[in-house]
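The values are calculated or read from the model by the stated rules, or taken from the named source; none is laboratory data. Keep in mind that this is a model prediction, so the values were computed, not measured. Counting neighbours? That spans all protein chains shown, and the Cβs are built from the backbone with ideal geometry, glycine included. Each accessible area value is taken on the protein alone, full model and side chains, heavy atoms only, with ligands, DNA and RNA left out. Shrake-Rupley method; radii C 1.70, N 1.55, O 1.52, S 1.80 Å.
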Amino acid sequence: MSLNSFGHVFRVTTWGESHGPALGAVVDGCPPGLPLSEADIQPWMDRRRPGQSRHTTQRRESDRVEILSGVFEGRTTGTPIQLLIRNEDQRSKDYAEIARSFRPGHADITYWLKYGIRDYRGGGRSSARETAARVAAGAVARVVLAHLAPGLTIRGAMVRMGRLEAAARDWAEVERNPFFCPDAEAAARWAAELDRLRKQGNSVGAVIELVAEGVPPGLGAPVYAKLDADLAAAMMSINAVKGVEIGAGMAAAALTGVENADEILPGPDGPRFAANHAGGILGGISTGQDIVLRFAVKPTSSILTPRRTIDVEGRPTEIVTRGRHDPCVGIRAVPVGEAMMACVLADHLLLDRAQTGGRRGRIG
């Protein structure tokens with residue numbers, strides 16, 4: 001099993017490599033009759049597209065999406081939707097020096113140990129370039145969400161870069177700076193810090209926060225298809241992600257039971273909660289509150305600082321990773337995280353509709 005697919009009902013398979021002719025996704029399980037065109041997908045691709053500021057890789061890709069199947073006369077047919085994104089700006093020669101050596105922090109050595117062969121050009125399948133296909137699939141998921149749960153919104157922001165945190169949560173500010181940062185003052189500090197690190201040939205990690213508002217209660221299952229488990233798995237599948245937390249997350253370990261319990265109160269439209277330490281999910285099932293999730297992205301491993309390593313013969317050597325890379329891969333991870341959340345929520349909405357028909361337990 002190659003395990004290049006995720007999802008239960010809304011199922012996504014991605015394919016392609018960083019320096020191949022193209023990459024893309026197959027989306028299966030999309031309901032029929034929904035309006036869908038390339039114009040619905042492209043704005044989300046443009047948010048992730050490289051080369052838009054000095055703070056990201058300067059690889060030039062238009063990331064234009066082509067729909068090859070699954071849509072007829074502007075509407076989904078219920079059959080697999082094939083999405084194609086052509087690679088336009090590969091520089092494979094940049095990677096000739098690492099063809100027989102393993103870059104520390106990269107998947108080079110694990111791919112070699114598992115398969116005995118690897119595409120060293122930009123990391124091949126392990127490259128963050130693969131996430132373009134996820135963003136395209138996430139755009140299809142947003143069309144499903146608009147149909148099944150009107151009013152549901154997904155927003156993402158980078159809330160920490162290295163040791164520097166964003167204090168404010170101004171969602172309007174996110175689209176006004178190249179960091180997807182919700183704090184204008186923090187974004188200015190980040191720009192100076194990232195310039196300094198880039199000139200040193202270094203990189204830095206980040207924390208991304210995702211918030212889904214308007215999520216219906218009842219999504220998820222109690223044991224093996226918990227909504228939070230599927231969300232965590234989706235985020236951990238993104239390149240360079242090393243940690244995920246939902247709601248209070250790791251900070252919950254420092255709370256008492258009295259502090260952590262989100263008290264339930266009567267509300268005009270059903271129950272309301274006094275707090276949201278649970279991040280909108282209890283027992284693997286959505287509460288109807290905002291789903292709040294954060295994930296940590298490690299520093300980009302492709303750096304110009306020489307690092308010790310070994311070659312395929314096991315001999316010690318030193319390596320410098322050349323080519324064009326993000327000094328903070330967390331920046332472009334924001335639209336990727338949003339896309340993965342959209343795919344998971346669309347999948348669970350379809351699962352819930354199949355099992356319960358959308359019925360809900362009544363209170364009062």
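Taking N as the number of residues in the stretch 250-364, what is its Cα Rg relative to 2.2 N^0.38 Å? Compactness ratio reported: 1.70.
Take the convex hull of the alpha carbons in the chain; its mean projected area over all directions comes to 19.8 nm².
Cβ-Cβ distance of Glu88 and Trp112, R₀ of 22 Å, FRET efficiency by 1/(1 + (r/R0)^6): the value works out to about 0.20.
With protein chains left intact and a 1.4 Å probe, residues in the chain average 48 Å² of accessible area per residue.
Of the residues Arg315, Arg129, Arg48, the one that moves most in a GNM of the chain with alpha-carbon contacts below 10 Å is Arg315.
Please list Trp171, Trp15 from largest to smallest accessible area, probe radius 1.4 Å, with all protein chains kept in place. Walk me through the numbers before you get to the answer.
Values: Trp171 55, Trp15 75 Å².
Ranked list, largest accessible area first: Trp15, Trp171.
Candidates Ala346, Ala146, Ser302 compared by Cα position along the dipole of the chain: farthest toward the positive end lies Ser302, with charges placed on Cβ.
A crude spin-label estimate for the pair Ala168 and Ala22, with each label 7 Å from Cα along the Cβ direction, gives 4.4 nm.
Annotation for the stretch 300-364 versus the stretch 231-285: alpha-carbon center distance of 21 Å.
Over the C-alpha atoms of the stretch 299-364, the Rg to Rh ratio, Rh being the Kirkwood estimate, stands at 1.39. For the chain, the Cβ-based charge dipole about the Cα centre amounts to some 1000 debye (Lys, Arg positive; Asp, Glu negative; other atoms uncharged).
Can you send over the carbon and sulfur percentage of the accessible area for the chain, probe radius 1.4 Å, protein chains only?
Details: 9430 of 17380 Å².
Here it works out to 54 percent.
3J(HN,Hα) along the stretch 306-320, derived from phi through the Karplus expression 6.51 cos²θ - 1.76 cosθ + 1.60 where θ = phi - 60°, amounts to x, 10, 6, 7, 10, 9, 5, 8, x, 7, x, 7, 10, 9, 10 Hz, with x in place of Gly and Pro. Solvent-accessible surface (1.4 Å probe) assigned to Arg272 amounts to roughly 120 Å². Over all other residues within a Cβ to Cβ distance under 14 Å of Ala229, the charged ones net out to -3, with Lys and Arg as +1 and Asp and Glu as -1.
Of the peptides 304-313, 135-144, 25-34, 214-223, the order by per-residue mean of other Cβ atoms within 10 Å, starting with the highest, comes out as 135-144, 25-34, 214-223, 304-313.
For Phe273, the residues whose modelled amide H falls within less than 5 Å of its own, excluding neighbours fewer than 5 places apart on the same chain, are Leu265.
With r as the distance between the Cβ atoms of Tyr224 and Gln200 and R0 = 51 Å, compute the FRET efficiency 1/(1 + (r/R0)^6) and round to 0.05.
Numbers: r = 46 Å, r/R0 = 0.90.
After rounding to 0.05, the efficiency reads 0.65.
Electrostatic bookkeeping for Gly74 treats Lys and Arg as +1 and Asp and Glu as -1; over the other residues with beta carbon under 14 Å from its beta carbon, the sum is -2. Approximating the spin labels as points 7 Å out from Cα along Cα→Cβ, the Lys242-to-Phe72 distance works out to 5.0 nm.
Let's test this: bin the Cα-Cα distances of the stretch 214-285 at 10 Å from zero up to the farthest pair and state each bin's percent. Pair shares across the bins are 17, 43, 33, 6, 0.
Share of Cα-Cα pairs in the stretch 97-254 beyond 23 Å, in percent? Counting pairs separated by more than 23 Å, the tail of P(r) holds 55 percent. In order along the stretch 183-200, phi translates into HN-Hα couplings of 9, 4, 5, 5, 4, 5, 5, 5, 4, 5, 5, 6, 4, 5, 5, 5, 5, 7 Hz, rounded to whole numbers, per the Karplus curve 6.51 cos²θ - 1.76 cosθ + 1.60 with θ = phi - 60° and x for Gly and Pro.
All other residues with a Cβ under 9 Å from the Cβ of Leu164 taken together, and with Lys, Arg as +1 and Asp, Glu as -1, what is their net charge?
+1
A simple spin-label model places pseudo-atoms 7 Å from Cα toward Cβ; at His8 and Arg176 they are separated by 4.1 nm. Scalar couplings 3J(HN,Hα) for the stretch 278-290, obtained by applying the Karplus form with A = 6.51, B = -1.76, C = 1.60 to θ = phi - 60°, are 6, x, x, 9, 10, x, x, 10, 5, 9, x, 7, 4 Hz; x denotes Gly and Pro.
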